[in-house]
Amino acid sequence: MLKLNICFLVFLCVCALCSADTVVLKEGQSLTGRILAEKKTQLIVDIGAAVVTIPKEDILEYEYTLASSQQKIDANTPQQTKPQPESGKLYRVANLKKTTVEKCVDEFSEAVVKVSSPTGMGSGFFLNEDGYLITNYHVIENETRIEVTVFQKAKNGFEKKKFKKVKIEAINSFVDLALLKVEDLGDTKVKYVYLGDISQIEVGEKVFAIGNPLGLERTVTDGVISTKNRAFQGLVYIQTNADINPGNSGGPLFNLAGEVVGVTNMGYIFFGGLGFAIPIDYVKHFIENRDAFAYDKDNPNTGFRYIQPDKRRNKSEPKFLKGSSKQK
């Protein structure tokens, strides 16, 4: 009878292990037990000897048993809900979950493009599937012949597609931003990014940039936010120690959720770890007020430069002022 009870207990233990929920941590450890509750930022798991609370930011993935529909969930994979933009807006926002640089690059790198002109080259990123993209003003400054190169995943790596019919929609030299539209996409489906919220990022938070520094296409560099409000010439910039080099200009600075939090535009070539990006709030304001910065090739004042009036040719004192100085 004793042997029968022992065998029965062993059978129950084996069954419990076989049907246990599994939680895999980012550091490599694996926990088995029963997931009692799933909250927005944490899991509550009964591991037998104790009930533990595990932050989701520490979890790589977790899996429910067959009794719970055997649902395997990546705790940090961005949720591709593809929300529609609000009326009048060209961009999208989404409440994405934080994950790893590798997964974000895999998901969003196709949205990053190379922007070329006869005098230089930089980077940019698509805002939507209609071909609207953001880059730096200085990347296309004084140029109208612009080419955009898209990198799309193929069977053996990436396929490059070049588009030459690129329209300048709006420019603002004061914040170094330009809004472009690729008009000859045809049947090409492009990936796009989601814009983040500058109020949600913190100093020390990990970020990464994708761009084409010195022509080295699709380069990824990572670092942290050194400060989120570095002032230069009356504007505020995000400072990061992620390497930013010529060719990165106009490319996105991502957080670990895959959301764009800034547009890279400055770096010190001989001093590593000093990169700067335009905060995404400036970008949103520029896009939402693009009519005020609309580009018109026939208008010399278009969007960014205001011609000063001619100086007075007659240097003599105006008639209505004559004698006034003597009366004082």
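Screening V283 against (1) in contact (Cβ under 8 Å) with a residue 40 or more places away in the chain; (2) surrounded by fewer than 22 Cβ atoms within 10 Å (Cβ to Cβ) leaves a single unmet condition, (2). Residues considered: N245, N241. Of these, the only one that is in contact with a helix residue (DSSP H, G or I) (Cβ under 6 Å, 6 or more places away or on another chain), surrounded by fewer than 21 Cβ atoms within 10 Å (Cβ to Cβ) and either assigned by TED's automatic domain parsing to the domain that holds I140 or among the polar types (S, T, N, Q) (or both) is N245. Here the range 170-227 is the region considered, the condition is being among the aromatic types (F, W, Y) and part of a loop (DSSP other than H, G, I, E, B), and the residue that is nearest to L256 (Cα to Cα) is Y192.
Residues checked against (1) of a type in the set (D, E, K, R); (2) surrounded by fewer than 20 Cβ atoms within 10 Å (Cβ to Cβ); (3) in contact with a Cys (Cβ under 8 Å, 6 or more places away or on another chain):
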| residue | (1), (2), (3) |
| --- | --- |
| K160 | yes, yes, no |
| Y192 | no, no, no |
| K206 | yes, yes, no |
| G215 | no, yes, no |
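Can you find, within the range 124-147, the residue that is nearest to Y282 (Cα to Cα) among those that are polar (S, T, N, Q) and surrounded by fewer than 20 Cβ atoms within 10 Å (Cβ to Cβ)? In this case the residue turns out to be N128.
For the structure I just gave you, tell me whether S87 is at pLDDT 75 or above and either more than 27 Å from Y194 (Cβ to Cβ) or loosely packed, with under 14 Cβ neighbours inside 10 Å (or both). No: the conditions fail for S87. Restricting to the range 258-283, name every residue that is within 20 Å of I210 (Cβ to Cβ) and in a helix (DSSP H, G or I). Within the range 258-283, I280, Y282, V283 meet the criteria.
Could you tell me whether Q29 is at pLDDT 80 or above and exposed (fewer than 15 other Cβ atoms within 10 Å of the Cβ)? So Q29 fits the description; yes.
The values are calculated or read from the model by the stated rules, or taken from the named source; none is laboratory data. Please read all numbers here as calculations on a predicted model, not as lab measurements. Cβ coordinates were reconstructed from backbone atoms using ideal geometry, including for glycine residues, and neighbour counts include every protein chain displayed.
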